[in-house]
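Structure record follows, encoded as structure tokens.
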Amino acid sequence: MHPASPNTSAPDWWRNAVIYQVYPRSFADADGDGTGDLAGVRDRLPYLADLGVDALWFTPWYRSPQADGGYDVADYREIDPAYGTLADAEELIAAALGLGIRTVVDIVPNHVSSQHAWFQEALAAPPGHPARDRFWFHDGRGPGGAERPTDWTSSFGGDTWTRTTGPDGKPGQWYLHLFAPEQPDLNWAHPDVAAEHEAVLRFWYDRGAAGIRIDSASMLAKDPALPEVPEHPAPGAHPHFDRDEVHDVYRRWRKTADSYAEPRILIGEVWLEDTDRFVRYLRDDEMHMAFNFDFMSRPWDAEALAESIRSTLAAHAAVAAPPTWVLSNHDVTRPVTRYGREDSAFAFSAKRFGTPTDLALGARRARAAALLTAALPGVLYVYQGDELGLPEVEDLPLASLQDPMHFRSGGTDPGRDGCRVPLPWNATGPAYGFNTTGARTWLPQPDGWGDYAADAQRDDPDSFLNLYRQAIRLRRSEPALRGDAFAWTAATPGVLAFRRGDDLACVVNLGDAPAELPDHTAVLLASAPLTGGRLPQDTAVWLRTNPSTPE
């Protein structure tokens, strides 16, 4: 039964929502071809309703050659045939809303697929043709234009320019791609680019999407002079990252979102270390929220996490935007694996094959981290499978890897496929319930994957799944967890402790010994059993406290 159904008429529903990320390719496969699809998600909506989520964020489901997991979009108005049809998407959005669950779609404004009609038109056109002005075509440097226009580095590693070949077989101009060559960057100074994206937003808003998640949101604007990246660029002066003019795009998008009877929401993927620059995206005429990558990247350390919580709350308070909390996503090592490592922080540059982990320790910490994030004020994001306690699959056969980050690293980076393995729904049977045909899944599921299956956890009160279900239920039913009130309380070193409202406390022990608990009248939820009334290492607890209890 869906606990305390959300109020789907509340205009500010998003300020303390639980948003579940769906990677459609790996969620559920209804047609039995080994790839997840929208019909599979629709079939599993009761599971998501029972989990208690307020919204689903779908990574790109549009037509795509899948050079980068769908983030190379060929057509925003078509669903990729592997996932279904536009009618399937419309029916899924409506069916989810009927259960009180909204839908957020992914928009990738920095680039499109090299198979996009615009780019194919540009490739067929000669240098100087208007079709090329929607992208960043440029002559090369040096004799015969043989050198790249700049030495910018790709987000995936390697070069950011690829040279074209003319109809006569001779080398032509170069085009910019801050990611893979199959993802040419758009020129946001071109009116067609702005107009097309406004139309795409309305296309999906009109079909019931409650909002959009904006991929690589800080990377749209480029300096047309194409200077090299300085060693220490001044704020706003980087040639292709976090430039001031990008905010004009989001102000226009916010006006579009606000024009609907129920305003739509804008969610940014904004990787920025500079807090002052980060919150500029959250001003009241731009985005509603942005992902908190700082918290997700921190190690399992009380001081480090406390610092991130303090800075996050302070930064968001300055612009009255809700903070967001997330432990992983489709790009990041799953917490069960990450928290079991000697270095439990996350950095793309540190990913390597063969890094050891203690999965039992990681699972214990991931359970505690789930309660910590769920207790904080703001928006909680859950990546599919984290509620099952899935580990990163780190022994995928090399021949099965598909992520361009792996290939562009020269094979040193394992890439992101390990957190994208198809979910286990059943403890036994074909594909562990991902499909019913036994068709080979697009990424292989490891032996023992059924141990994490949803059906194996459903009736186990101590399972990961039920920990998440109870935490989400309490987030909705406890007034203190629905508000913004937050106050740190006294704690010993290695322990995080804070109050939410007058009568609820969260305590997390990241220290090296059991910790004493503050005075309380009841234990609402714990990530592991208490021992003798004390909080064990790597354990979190939510407590009912007496409002008159002194700190």
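Being touching a residue at least 24 places away in the same chain (Cβ under 8 Å) and open to solvent by less than 30 Å² (accessible area, probe 1.4 Å) is a property that Asp538 has. Consider the stretch 262-294 and keep the residues that are under 13 Å from the mean Cα position of the chain (by Cα) and aromatic (Phe, Trp, Tyr). The one that is farthest from Tyr381 (Cα to Cα) is Trp271. Within the stretch 206-237, the set of residues being acidic (Asp, Glu), over 21 Å from the mean Cα position of the chain (by Cα) and more than 17 Å from His138 (Cα to Cα) comprises Asp206, Glu231.
Tell me, yes or no, whether the stretch 312-329 has at least one residue that is surrounded by fewer than 23 Cβ atoms within 10 Å (Cβ to Cβ), within 28 Å of Phe58 (Cβ to Cβ) and hydroxyl-bearing (Ser, Thr, Tyr). Scanning the stretch 312-329, I find at least one residue that is surrounded by fewer than 23 Cβ atoms within 10 Å (Cβ to Cβ), within 28 Å of Phe58 (Cβ to Cβ) and hydroxyl-bearing (Ser, Thr, Tyr), so the answer is yes. When restricted to residues that are assigned to a loop (DSSP other than H, G, I, E, B) and aromatic (Phe, Trp, Tyr), the stretch 172-198 contains 2.
A quick yes/no check of all residues on (1) part of a loop (DSSP other than H, G, I, E, B); (2) in contact with a helix residue (DSSP H, G or I) (Cβ under 6 Å, 6 or more places away or on another chain); (3) surrounded by fewer than 24 Cβ atoms within 10 Å (Cβ to Cβ):
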| site | (1), (2), (3) |
| --- | --- |
| Ala399 | no, no, yes |
| Met405 | no, no, yes |
| Gly410 | yes, no, yes |
| Asp413 | yes, yes, yes |
| Pro424 | yes, yes, no |
| Ala427 | yes, yes, yes |
| Tyr432 | no, yes, no |
| Asn435 | yes, no, no |
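The residues of the stretch 248-284 that are over 23 Å from Tyr71 (Cα atoms), part of a loop (DSSP other than H, G, I, E, B) and open to solvent by less than 60 Å² (accessible area, probe 1.4 Å), listed by number, are Tyr260, Glu262, Pro263. Here Ala290, Ala369 are screened, and the one residue that is open to solvent by less than 20 Å² (accessible area, probe 1.4 Å), aliphatic (A, V, I, L, M) and under 30 Å from Pro461 (Cβ atoms) is Ala369. Out of Asp80, Asp68, one residue alone is at pLDDT below 95 and either more than 18 Å from Phe135 (Cβ to Cβ) or of a type in the set (D, E, K, R) (or both). It is Asp68.
Within the stretch 449-463, residues that are open to solvent by 100 Å² or more (accessible area, probe 1.4 Å) reach partners that are outside any helix (DSSP H, G or I) with beta carbons closer than 9 Å, at six or more positions or on different chains, in the pairs Asp451/Pro424; Asp451/Ala427; Asp462/Ala528; Asp462/Pro529. Being within 22 Å of Leu56 (Cα to Cα), without any contact (Cβ under 8 Å) to a residue 60 or more places away in the chain and over 18 Å from the mean Cα position of the chain (by Cα), is that true of even one residue in the stretch 411-424? Looking for residues that are within 22 Å of Leu56 (Cα to Cα), without any contact (Cβ under 8 Å) to a residue 60 or more places away in the chain and over 18 Å from the mean Cα position of the chain (by Cα), one finds at least one in the stretch 411-424, hence yes. Assigned to a loop (DSSP other than H, G, I, E, B), basic (Lys, Arg) and open to solvent by 40 Å² or more (accessible area, probe 1.4 Å), is that true of Arg352? Yes.
When Asp242 is tested against (1) acidic (Asp, Glu); (2) assigned to a helix (DSSP H, G or I); (3) in contact (Cβ under 8 Å) with a residue 12 or more places away in the chain; (4) over 16 Å from Trp136 (Cβ atoms), just one condition goes unmet, and that condition is (2).
Remark: pairs (first residue in the stretch 182-200, among the β-branched types (Val, Ile, Thr); second residue surrounded by fewer than 17 Cβ atoms within 10 Å (Cβ to Cβ); Cβ separation under 8 Å; 6+ apart in sequence or on different chains) = Val200/Arg77. How many of the residues in the stretch 291-329 are of a type in the set (Val, Ile, Thr) and touching a residue at least 60 places away in the same chain (Cβ under 8 Å)? Within the stretch 291-329, residues that are of a type in the set (Val, Ile, Thr) and touching a residue at least 60 places away in the same chain (Cβ under 8 Å) number 1. In summary, Tyr381 fulfils each of the numbered conditions (1) under 30 Å from Ala320 (Cβ atoms); (2) assigned to a helix (DSSP H, G or I) with the single exception of condition (2). Whether a residue is polar (S, T, N, Q), within 24 Å of the chain's Cα centre (by Cα) and not in a helix (DSSP H, G or I) was assessed, and Gln470 does not pass this test. Ala306 satisfies every condition listed in (1) open to solvent by 20 Å² or more (accessible area, probe 1.4 Å); (2) in a helix (DSSP H, G or I); (3) among the aliphatic types (A, V, I, L, M) except (1). Looking across Glu147, Glu198, Glu182, one residue alone is under 22 Å from Pro130 (Cβ atoms), open to solvent by 30 Å² or more (accessible area, probe 1.4 Å) and among the acidic types (Asp, Glu). It is Glu198. Against the conditions (1) closer than 27 Å to Asp403 by Cα; (2) in contact (Cβ under 8 Å) with a residue 60 or more places away in the chain; (3) open to solvent by less than 20 Å² (accessible area, probe 1.4 Å), Trp161 satisfies every one except (2).
If you go through the stretch 227-239 and keep only what is open to solvent by 20 Å² or more (accessible area, probe 1.4 Å) and under 18 Å from Trp161 (Cα atoms), you end up with Pro227, Glu228, Val229, His238.
Taking the stretch 128-144 as the range and being free of Cβ contacts under 8 Å to residues at least 24 places away in the same chain, open to solvent by 60 Å² or more (accessible area, probe 1.4 Å) and over 19 Å from Leu186 (Cβ atoms) as the test, the residues that pass are Arg141, Pro143.
The values are calculated or read from the model by the stated rules, or taken from the named source; none is laboratory data. Note that the coordinates shown come from a computational prediction; the quantities given were computed from them, not determined experimentally. For neighbour counting, all protein chains shown are included, and Cβ atoms are generated from backbone atoms with ideal geometry for every residue, glycine included. The protein model used for the area step is the full one, side chains on, heavy atoms only, and it has no ligands, DNA or RNA in it. Shrake-Rupley method; radii C 1.70, N 1.55, O 1.52, S 1.80 Å.
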